[in-house]
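Each reported figure results from applying straightforward, stated rules to the coordinates on display, with no laboratory input. Note that this is a predicted model, so its numbers are computed, not measured. Positions of Cβ are backbone-derived with ideal geometry, glycine not excepted, and every protein chain shown enters the neighbour counts.
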């Protein structure tokens, strides 16, 4: 089914819900139907002081999971680890990926000083030696 | 949940709008409710040969937009440009961000040799001098 016809289908299916572009459901978890809404993409890569420490990685991930639940303006989050893909252009040297969608820059700015974010930094920053952040805004 | 069963679900759910965990609406555009489905996150950053060339940036973006419509396994895409956020940890030196969600690594692998992807590289690679790719899989 093409993206267009899927949208048309959804429009028909959701008629009484009057929801165009309704999210699809997967195991009770919502997933946005394409095309996605324009968002502010905040992507952080963490390099640990002890890259091989499972304990430190677990601590960081637990901190991020807590942060995801507490920070007010996060629209969507993804906590990841490097895939096994391996080509020259791929950077696999980081240990944890933290991808956030915000509605816009203003909501990302709020996140930066959200008490939950500051608490996360206080509790977890000892485990990482480097972060790189890429902030991009959908065109 | 397969695409087929998801469609069936949507058809049923749409009838009564009895959708728990339904996406929230913002300006008529659907937004996924957290937590999101686990995905394979493929994030590419492009540095242009001529970083200030609006023409080259437009050519790359047009190529990505075409690719987003043609590649078979892309679940969701975001084409972005650096935000105005500016801190020490932020890398703002790239010109275009290309963020893709795939269902899993296998579908990302298919994308790498998708004719639409190869065509995009053939048509647009002359404008960039560097790419960095971060592939991560949700925990």
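Among the residues of B:89-99, the average count of other protein chain beta-carbon atoms within 10 Å of the residue beta-carbon is 4.
Would you mind ranking B:70, A:93, A:83 so that the residue whose beta carbon has the fewest other beta carbons within 10 Å leads the list?
Details: B:70 14, A:93 11, A:83 19.
Starting with the residue having the fewest Cβ neighbours, the order is A:93, B:70, A:83.
Sorted from nearest, the other copies put their residue B:132 label points 0.2 nm away, the label point being 7 Å from Cα in the direction of Cβ. Cβ-Cβ distance of residue B:49 and residue B:103, R₀ of 22 Å, FRET efficiency by 1/(1 + (r/R0)^6): the value works out to about 0.05.
Here each label is just a point 7 Å from Cα along the line to Cβ, and for residue A:59 and residue B:65 those points are 4.7 nm apart. Taken along the Cα-to-beta-carbon direction at a fixed 7 Å, the label points for residue A:121 and residue B:121 span 4.0 nm.
For the peptide A:48-59, the mean number of other protein chain Cβ atoms found within 10 angstrom of a residue's Cβ is 0. The same position residue B:118 in the other copies lies at 5.5 nm from this copy, comparing label points 7 Å beyond Cα toward the beta-carbon, shortest first.
Shape summary: the stretch A:56-139 maps onto an equivalent ellipsoid whose semi-axes, from the alpha-carbon gyration tensor, are 22, 18, 11 Å in decreasing order.
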